[in-house]
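K.L.:
To start, I am sharing the structure in question, which I have written as structure tokens.
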Amino acid sequence: MSTLLEIDELVVTYRSSGTLGQWLSRQSAPRVHAVDGVSLRLSKGDSLGLVGESGCGKSTLGRAVLRLTPPTSGKVLFDGQDVLALRGAALMEFRRRAQMVFQDPFGSLNPRLTVFETLAEVLEVHDICPPGERRERVLSLMRQVGLSPALADRKGRALSGGQCQRVGIARALAIGAELIVADEPVSALDVSIQAQILNLLSQLREHGNLTLLFIAHDLGVVRYLCQRVAVMYLGRIVEAGPVERVFDDPCHPYTRSLIEAIPSMNPDAGIPGQSVQGEPPSPRDRPDGCPFHPRCPKAMPECKSGSPPSVREARGRHVWCLLYPESSDATRSEAIY
Ligand code: SF4
């Protein structure tokens, strides 16, 4: 399968607001690394789940891929084109082909527009179909995402959260999006509605040839929907691989703690393990060595200094942890996941 999206050593930093002391002494506040050298690759039709605790940089990464947040360095290639260099019509075409679905289903729609107006507007802006055919096209899109055509003239504020999220997905499909970056798209919805939206995304990926970068803190949702998973901690990927391998046999101690904390559907399984101990360090004050060492139950003296661990290959996936033997040069050079 050919590559659709390639993220190479992407870095996003921003200047923190700083302390009062820094402000008084006119010192500039330190730069915070929200995303710190992330490399990922998605083939056409792929679904990659990006997981990690809140504040780990996963949403910033998703936004930087779509140029909604400016990266500091690194590359994003979409279908072979350098996204960060696109201008004018080429940028507009990228915006048509790569879309974001946001967490807040209500906030992402104009509450004063009807469903028809919302979808017809994007068809018009991108000059997708003649005005006379727009109503039929909108109704067809609504059916595709499981919305009754009877809702076409209802305003955004009169829709439920699940209906709004379906309109958001229909808006991406209306303009022929090939890549959807979905940022926690179901976390604000009731559990039964979550399942419907996940099924919809799954069907669209299988039959509509969509590629999905799915950002979530809920690992169960990623396991259900995605083929591959990348786990982020303090702006870096710490483990990446096929979903079954990573979930059934996690290598990195951070991944293991996240997975052990997932409640089981089996009533005999007992109480889930405790999630990761303590709070993640501030990205303003990142520890030396492995950034996870202050919370890691397996930390060794060598984890506490030097550079963060380089990539290693362990049990069929990539892992950034000193517990595993150094990988070969070949593995390192291929380790764009
Ligand atoms: Fe833990 Fe050391 Fe591995 Fe980091 S490198 S996850 S501190 S064992």
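K.L.:
How many percent of the alpha carbon pairs in the chain exceed a separation of 40 Å?
P.N.:
17
K.L.:
For a quick protection proxy, order the peptides 45-51, 306-312 by their average other-Cβ count within 10 Å, most packed first.
P.N.:
Final packing ranking: 45-51, 306-312.
K.L.:
Still on this model: Can you list the aspartates and glutamates whose alpha carbon is less than 16 Å from that of Lys304, not counting same-chain residues fewer than 8 positions off?
P.N.:
In chain and number order, the partners are Asp285, Asp288.
K.L.:
Counting only other residues whose beta carbon sits under 12 Å from that of Asp288, what net charge do I get with K and R as +1, D and E as -1?
P.N.:
0
K.L.:
Using a 1.4 angstrom probe on heavy atoms only, work out the carbon and sulfur share of the accessible area of the chain in %.
P.N.:
Answer for the chain: carbon and sulfur cover 49 percent of the accessible area.
K.L.:
Helix-derived [θ] at 222 nm for the chain: sum -39500 (n - 2.57) over DSSP H runs of at least 4, divide by residue count, nearest 500?
P.N.:
Calculated from helices alone, the mean residue ellipticity at 222 nm is -9000 deg cm²/dmol.
K.L.:
Roughly how many Å² is the accessible area per residue of the chain, as a whole number, for a 1.4 Å probe?
P.N.:
Heavy-atom SASA per residue in the chain reads 48 Å².
K.L.:
Which far-off residues, 5 or more places away or on another chain, put their amide H under 5 Å from the one on Thr211, with H placed in the peptide plane?
P.N.:
Amide H neighbours of Thr211, under 5 Å, 5+ apart: Gly45, Leu179, Ile180.
K.L.:
Expressed as a whole number of Å, what is the distance separating the alpha-carbon centroids of region 220-237 and region 88-111?
P.N.:
What the calculation gives is 22 Å, centre to centre.
K.L.:
Is region 1-147 best put as rounded, prolate or oblate by its Cα gyration tensor, with a ≥ b ≥ c the root eigenvalues, rounded for a/c under 1.5, and otherwise prolate when a/b is larger than b/c, oblate when not?
P.N.:
prolate
K.L.:
Mind ranking 246-256, 277-287, 75-85 by how tightly packed they are, going by the mean number of other C-beta atoms within 10 angstrom, highest first?
P.N.:
Ranked by mean Cβ neighbours within 10 Å, highest first: 246-256, 75-85, 277-287.
K.L.:
For the peptides 217-228, 163-174, what is the packing order when you average, over each peptide's residues, the other Cβ atoms within 10 Å and list the highest mean first?
P.N.:
My ranking of the peptides, most packed first, is 163-174, 217-228.
K.L.:
Now for a separate question. For q values of 0.12, 0.17, 0.21, 0.25 Å⁻¹, compute log₁₀ I(q)/I(0) with the Debye formula on a Cα-only model of region 113-182, without solvent.
P.N.:
Each listed q maps to, in turn, -0.26, -0.54, -0.83, -1.16.
K.L.:
A further question follows. Can you give the net charge of the other residues whose Cβ lies under 12 Å from the Cβ of Tyr233, counting K and R as +1 and D and E as -1?
P.N.:
+1
The values are calculated or read from the model by the stated rules, or taken from the named source; none is laboratory data. Quick caveat: nothing in here was measured; it's all calculated off a predicted structure. Note that we place each Cβ from the backbone using ideal geometry, even for glycine, and neighbour counts take in every protein chain shown. Side chains are part of the model used for accessible areas, which takes the heavy atoms of the whole protein and leaves out ligands, DNA and RNA. Shrake-Rupley method; radii C 1.70, N 1.55, O 1.52, S 1.80 Å.
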